[in-house]
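This report refers to the structure that appears directly beneath it.
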Amino acid sequence: MRVTRNAFEMAKMRATSTMVFARNPLVRASNSLWRRTGAPTFASAMSPYTTERVLQLRTGKKGKEQPKTIYDPSRETENCGVGLVASLKSVPSRRVVDDADEMLVRMSHRGGVGVDIASGDGAGMLFGMPDSFMRAKAQELFKVDLPEQGQYAVGNIFFPKGDAQVVANCKGILERLTKERQLSVVGWRPVPVDNSMLGRDPIDSEPITEQFFIANNTRMGKRRFEQELMRIRKVAESEATGTLGPESGFYINSLTSSHITYKGQLTPEQVSQYYLDLKDPTFISHLSLVHSRFSTNTFPSWERAQPIRMMCHNGEINTLRGNKNWMYSRGGIIDSPYYGDDTAQLLPVTSDNMSDSGNFDSVLEMLTKGSDRSLPEAVMMMIPEAWQDNTNLSDSKKSFYEYNSCVMEPWDGPAMVAFTDGRYIGATLDRNGLRPSRYYVTNDDHVMLSSEIGVCPELSDSEVKIKHRLEPGKMFLVDFETERIVPDDEIKEQVASMHPYGEWVKKKSI
């Protein structure tokens, strides 16, 4: 039967297709979750630094006493500077950290600042877990030898200043949830910071930052460990919102075994000045994502800075309202094979109190950790290339995109997204191609990609063996397990041939 594409029939295909985590279209999604929980919740995810919070800090007034504004959190978008640095051979070095910092600082013009130039819109750096550094800190503070890399996690967490009881309550929630998952609480480490260079706005809302160390002494597999860490984080945020209110100031920047994020309401120059860990010569890593934020007509805040949990983003998601609505509508029947009846704990996936990037990151994380999809597959699903009437695409790739268009609507930009899950690091440009970037590969197997040229000015042509641009709809991908850059056609053909998508489309289309 011919596959139809008009709006009415595509809507029927979506309604009858399996939901986000189910693959086989012959198996209808169960609605048991709907019956257990009633209608899907539309409660907004926690947002510690909302408009009301900012106005309260500035005026001392609460609620209806605050001045009226035209700000709408559902319209949070941004245009930013994005980059990545990595060692193809997964060799941790100080060079990766320094190059990432240099790259970020040289994209300062892509970030926003206030009238007070010391008040930035946000900036940050994500690093592959600095294993030797964290082991030294665990031994120094807790007299503990951490398990092998991948079997422990360290998360950077924001707490509100000035309320020790709230901090204790939030820590208690995290520790209880960790023990419930049979994982071990190693301890808490205050992250040393220097706020002497910050402007008024970031100082007013500056959180306390502490690191939470968790050990996997159950020897569960790394993937299952990552899934439990996501569960702990999401449930902790939900509980904190319910007991402490949506403006508690509690926010988990990252909680994973593979990487850690240092970010805030900072300028690019301030990130390595503020977080003293990043100045320590023993802090080394093999990968980094960097981001300089320009919050488009919206308020900057500590938690909206990027990188987020798995990605950072330059551009805008112009289909955001539709993307969020579809994710809300699936809330009642989303069913993860890994979380089972507890899938409801991870909902809602999207929120009006997150930026477009935050919502994209949340869905990307759910797809990769709540199902058996790989990170490249999830990115292909969310940001498809132009496949309709494209004679240059193979039948297998067309079938993949056509099938997944009935499961997940494209998150269309203009957008360039850089992403990592520890095994992969990469970037993709949406099919509009309006947020270009370039990448370089050096003779000693280091990779640099950014939205700007000239971010590493000391890199001479003699050191570069490959230089190229990221093309519309294409993916740049480094696989650390195979220690190579995987060509766009290879990774997409591999993903598209994993299942008989063409057969599924023919059998299920209306």
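The values are calculated or read from the model by the stated rules, or taken from the named source; none is laboratory data. Keep in mind that this is a model prediction, so the values were computed, not measured. No Cβ is skipped: glycine too gets one built from the backbone with ideal geometry, and neighbour counts run over all protein chains shown. The protein model used for the area step is the full one, side chains on, heavy atoms only, and it has no ligands, DNA or RNA in it. Shrake-Rupley method; radii C 1.70, N 1.55, O 1.52, S 1.80 Å.
Note on region 373-384: residues that are more than 16 Å from PRO500 (Cβ to Cβ) and either part of a helix (DSSP H, G or I) or modelled with pLDDT under 95 (or both) amount to 7. Looking across region 328-357, the residues that are assigned to a helix (DSSP H, G or I), open to solvent by 10 Å² or more (accessible area, probe 1.4 Å) and within 22 Å of ASP412 (Cβ to Cβ) come down to TYR328, SER329. Can you work out which of the residues in region 121-141 that are more than 15 Å from ALA100 (Cβ to Cβ) and surrounded by 23 or more Cβ atoms within 10 Å (Cβ to Cβ) is modelled with the highest pLDDT? My answer is GLY122. Note on region 407-479: enclosed strands (runs of 3 or more DSSP E) holding 3 or more residues that are open to solvent by less than 50 Å² (accessible area, probe 1.4 Å) and on the phi < 0 side of the Ramachandran plot are 415-420, 424-429, 438-442, 446-450, 475-479.
Whenever a residue of region 462-482 is free of Cβ contacts under 8 Å to residues at least 24 places away in the same chain, its partners that are surrounded by 12 or more Cβ atoms within 10 Å (Cβ to Cβ) and assigned to a strand (DSSP E or B), lying with C-beta atoms within less than 7 angstrom and at least six residues away or across chains, give the pairs GLU463/THR442. Taking the criterion of being open to solvent by 20 Å² or more (accessible area, probe 1.4 Å), within 19 Å of TYR439 (Cβ to Cβ) and in a loop (DSSP other than H, G, I, E, B), the only residue of region 92-115 that qualifies is ARG106. Would you please name the residue that is surrounded by the fewest Cβ atoms within 10 Å (Cβ to Cβ), looking only at residues in region 247-264 that are farther than 25 Å from PRO92 by Cβ and in contact with a Lys or Arg (Cβ under 9 Å, 6 or more places away or on another chain)? Residue satisfying both the conditions and the ranking: GLU247.
Among the residues of region 269-291, those identified as within 22 Å of the chain's Cα centre (by Cα) and assigned to a loop (DSSP other than H, G, I, E, B) are ILE284, HIS286. Of the residues making up region 210-230, those that are open to solvent by 10 Å² or more (accessible area, probe 1.4 Å) and either over 22 Å from GLU148 (Cβ atoms) or among the polar types (S, T, N, Q) (or both) number 3.
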